[in-house]
Structures are given as C-alpha cells and as structure tokens.
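Peer 1: Before I ask anything, let me first share the structure, which is written out below as structure tokens.
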Amino acid sequence: MKKIVLAIMLAFAVSGCQRIETGEVGLRIGFDKQVNTQELQPGSFNQVMVGSVITFPIRDIAVALDDMKPQTSDNSTLSEMDVTVIYSINPSSVGELYTTKAKAFHALGEGGDTFLMYNYMTTLARTAAYKAAAKFPAMESVRKRDAIEAETTRLVSEALKNEKLDTALTLTMVQVRSIQPAKEIIDTANEAIAAQ
C-alpha cells in the first residue's frame, strides 16, 4: 500500500514539473503574477502546480525580412530584397530584457515560447538593410551583396551598442538571400547591351 501511495505521489510531483530544454532559459511567474528574474537554466525541472514557467529560446533566432523594396542610390526601387538576420541572447540577460523592455519588443512563437526582442530586432534590421541598400546603384546591388550584408551588420551592431544592448543581444549573421532590381532597370540594361 505504501508503495502505491508513494508511486502516486511521485507521478503527481513529476507531472507538475516543466523541464527547461537545451538552448532555452526559463523564468518563473508566481501565482501572484510577479516575474522572478532569476533565470532557470537548461536541464532544470521546475514545478508548475503553483505559478508557471515561461521559456525563451536564446540561440540562433532567425528574423526573416521578406519582400523589402528599398530605394537605391540612383533613386530606383529594388523589385525585391530578402534578408535573414540571426541573433542570440545572453542567458544572463533574459530576466532583465523580459521585465524592463516593452512587451511589444517580444514575439510569441507557435509552441508557446517567447522570442525576446524579436520585433525589436526585426525593425532594427529592416531599417539597417534599407540604409545599406541605399548606398549602391540598382544594377550593382546584386554584385554588392557582401557589402550590403557587411553594412547591415555594422548598422545593427552600432544601434545595439548605442542602446546599450550589445552585451544582451549578439548579432550572429546577416544574409541577403535574394536581391532583384526592378524589371524596367533590367530591360533598359539589356537594351543597351543589345544596341552595342
């Protein structure tokens, strides 16, 4: 009888726990809705019978900036520019970022995870990519992909430093996946080549 009661108590205790997975950090929210800013580390089991635990992915968070139409240095508009920005979060900054930054800066994922600073990084990276693309003429933009990536990286890193977020957020990569000048520009260039 004691073994059955012990087994039931053990099952009840384990079912009331949440494990923090590798690549995540958690924060405990008490029954009074107050957030404990002490980060819960990967691999830890945390009871959720009283209060709850929210999890935050911290490694390689990808921001996809699709269908951008930046203006180039020759005042034409690119038909399309797609950029991916990947960033990571310092695990010891999770509590501070979640409790001190505007909730609008974060995004809620499909699995219930909260992506810290996702909306903030989306806006920051989009602005930087537009500024980077504006430094080159439309017909050179395809060949200047590396330069656009480097300039976007520089602008985002500089903005993070100015906002004193460079120790909390790390820009891992900027990749221009697609860049396409407007059809009229390509047609004009093709006509000029054909005329020669």
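Laboratory data are not the source of any read-out in this text; all were calculated from the coordinates shown. Being a predicted model, the structure only gives us computed values, none of them experimental. We place every Cβ from the backbone using ideal geometry, glycine too, and count neighbours over all the protein chains shown.
Peer 1: If amide hydrogens are placed 1.01 Å from N in the peptide plane, which non-local residues have theirs closer than 5 Å to the one on CYS17?
Peer 2: Counting only residues 5 or more places away or on other chains, the set is VAL48.
Peer 1: Right, something else. Report ³J(HN,Hα) in whole Hz for each residue of region 110-119, in order, from the Karplus equation J = 6.51 cos²θ - 1.76 cosθ + 1.60 where θ = phi - 60°; Gly and Pro get x.
Peer 2: 4, x, x, 6, 9, 8, 4, 6, 5, 5
Peer 1: Would you kindly state how much longer the chain becomes between GLN71 and ASP166 on full extension, computed as 0.36 nm times their sequence separation minus their alpha carbon distance, in nm to one decimal?
Peer 2: Additional length available on full extension: 31.4 nm.
Peer 1: So, one more: Can you work out ³J(HN,Hα) from phi for every residue in region 79-96, in order, using Karplus 6.51 cos²θ - 1.76 cosθ + 1.60 and θ = phi - 60°, giving whole Hz and x for Gly and Pro?
Peer 2: 5, 6, 8, 10, 10, 10, 10, 10, 9, 10, 10, 5, x, 7, 9, 4, x, 5
Peer 1: While we're here: Which far-off residues, 5 or more places away or on another chain, put their amide H under 5 Å from the one on HIS106, with H placed in the peptide plane?
Peer 2: Answer set, sorted by chain and number: MET117, ASN119.
Peer 1: Quickly work out the GLU158-to-ASP82 label distance, labels modelled 7 Å from Cα along the C-beta direction, and quote it in nm with one decimal.
Peer 2: A separation of 2.9 nm, rounded to one decimal place.
Peer 1: Need the list of aspartates and glutamates near LYS33 for cross-linking: C-alpha distance under 19 angstrom, and skip anything on the same chain fewer than eight residues off.
Peer 2: Straight-distance partners of LYS33: GLU96, ASP113.
Peer 1: Give me D for region 9-160 in µm² s⁻¹, whole number, from Stokes-Einstein with Rh from the Kirkwood sum over alpha-carbon pairs, 20 °C and 1.002 mPa s.
Peer 2: Diffusion coefficient, whole number: 122 µm²/s.
Peer 1: Next up: Would you please name the trypsin sites (Lys or Arg not before Pro) within region 49-156 that are DSSP coil residues with at most 11 other C-beta atoms within 10 Å of their C-beta?
Peer 2: For trypsin sites (Lys or Arg not before Pro) across region 49-156 that sit outside H, G, I, E and B with at most 11 neighbouring Cβ atoms in 10 Å, the list reads ARG143.
Peer 1: Give me the number: length gained by fully extending ARG59 to THR123, i.e. 0.36 nm times residue separation minus the C-alpha to C-alpha distance, one decimal in nm.
Peer 2: Separation in residues times 0.36 nm, less the Cα-Cα distance, equals 21.1 nm.
Peer 1: While we're looking at this one, here's another question. Amide H of ALA182 versus every other amide H placed in the peptide plane: which residues, excluding those fewer than 5 positions away on the same chain, fall under 5 Å?
Peer 2: HN-HN under 5 Å from ALA182: SER79.
Peer 1: Now for a different question. Using the structure shown, select from LYS103/LYS135; LYS131/LYS161; LYS103/LYS161 the pairs with a Cα to Cα distance greater than 28 angstrom.
Peer 2: Violating the 28 Å Cα-Cα cut-off are LYS103/LYS135.
Peer 1: Under a point spin-label approximation (7 Å from Cα along Cα-to-Cβ), what is the CYS17-GLN34 distance to one decimal in nm?
Peer 2: With each label point 7 Å from Cα toward Cβ, the separation is 2.6 nm.
Peer 1: Each residue of region 56-64 in order: what ³J(HN,Hα) in whole Hz does its phi give by Karplus 6.51 cos²θ - 1.76 cosθ + 1.60, θ = phi - 60°, with x for Gly and Pro?
Peer 2: With coefficients 6.51, -1.76 and 1.60, one gets 9, x, 10, 10, 6, 8, 9, 10, 9 Hz.
Peer 1: Something else: Along the charge dipole of region 36-179, which of ALA125, ALA62, LEU40 sits closest to the positive end, that is, farthest toward it, with unit charges on the beta carbon of Lys, Arg, Asp and Glu (+1, +1, -1, -1)?
Peer 2: ALA125
Peer 1: Determine the dipole magnitude for region 50-196: charges of +1 sit on the beta-carbon of Lys and Arg, -1 on that of Asp and Glu, nothing else is charged, the reference point is the Cα centre, and the result goes in debye to the nearest 20.
Peer 2: Once rounded to the nearest 20, the dipole reads 400 debye.
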